[in-house]
1. May I ask you to verify whether Lys157 is modelled with pLDDT of 75 or more, farther than 22 Å from Ser56 by Cβ and under 24 Å from the mean Cα position of the chain (by Cα)?
2. Could you check, for segment 89-97, whether at least one of its residues is at pLDDT below 95 and surrounded by 18 or more Cβ atoms within 10 Å (Cβ to Cβ)?
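The values are calculated or read from the model by the stated rules, or taken from the named source; none is laboratory data. Worth saying up front: this structure is predicted, and the values here are computed from it rather than measured. A quick note on method: Cβ atoms are made from the backbone with ideal geometry, for glycine too, and the neighbour counts reach across all protein chains shown.
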Amino acid sequence: MSRSNAGSEPDPWRAPIIVAQIPDAGLHRELEASVAERQAMAEAAGLREVLSAHASFDVVPKSGGRVQVTGLVRGRIGQTCVVTLDPIESEIEEEVDLIFAPEAEARRLADLIEEGRDDEEPPEVADPPEPIVNGIIDLGRLATDALFLAIDPYPRKDGAVFEAEVTAPDPEDHPFAALKALQDKKKGQ
């Protein structure tokens, strides 16, 4: 679920938590994106608008400095129908269940998993954990990623069907029509 932000705009929705401050029992966070955050999200995703964005996360520390984040991201987005070009709205609801690990461990596990995928028939392998960068997990970025991944890239208005305009071919319009015209002209002389 990671995405590289090198050289691009900052994340539109930020809600960082410091891993060292997560209690042993874990914590719960409810996030609601502001109007400015939703506008920035819409621009980043190429959407007409993001009408709402809400995330509910449970953050639980695990052994070895790992952290599990589970929850639900909900949103309402405005897009343009690819068939009619009418504005449409879509509801998004995406579950999240990720493990975060210290950066070095996440990188090491990703390398191990990648090595295992070189086999002819790779076994079913879990995704590597997400890295904990500078001791912080950004729940806003996580929610934004989940929302973006759930967007339908080809939204259609209910009942909209693309129908290509089909015209019957003209019997006189074929590759040899010019030759036939010459032949007919010769016959007429």
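1. Taking the combined requirement at face value, the residue satisfies it.
2. No, there is no match, as no residue in segment 89-97 is at pLDDT below 95 and surrounded by 18 or more Cβ atoms within 10 Å (Cβ to Cβ).
To keep it simple, each residue is scored yes or no on (1) surrounded by 10 or more Cβ atoms within 10 Å (Cβ to Cβ); (2) assigned to a helix (DSSP H, G or I); (3) modelled with pLDDT under 95.
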{"site": "Ala6", "(1), (2), (3)": "no, no, yes"}
{"site": "Glu9", "(1), (2), (3)": "no, no, yes"}
{"site": "His28", "(1), (2), (3)": "yes, no, no"}
{"site": "Glu37", "(1), (2), (3)": "yes, yes, no"}
{"site": "Val50", "(1), (2), (3)": "yes, no, no"}
{"site": "His54", "(1), (2), (3)": "yes, no, no"}
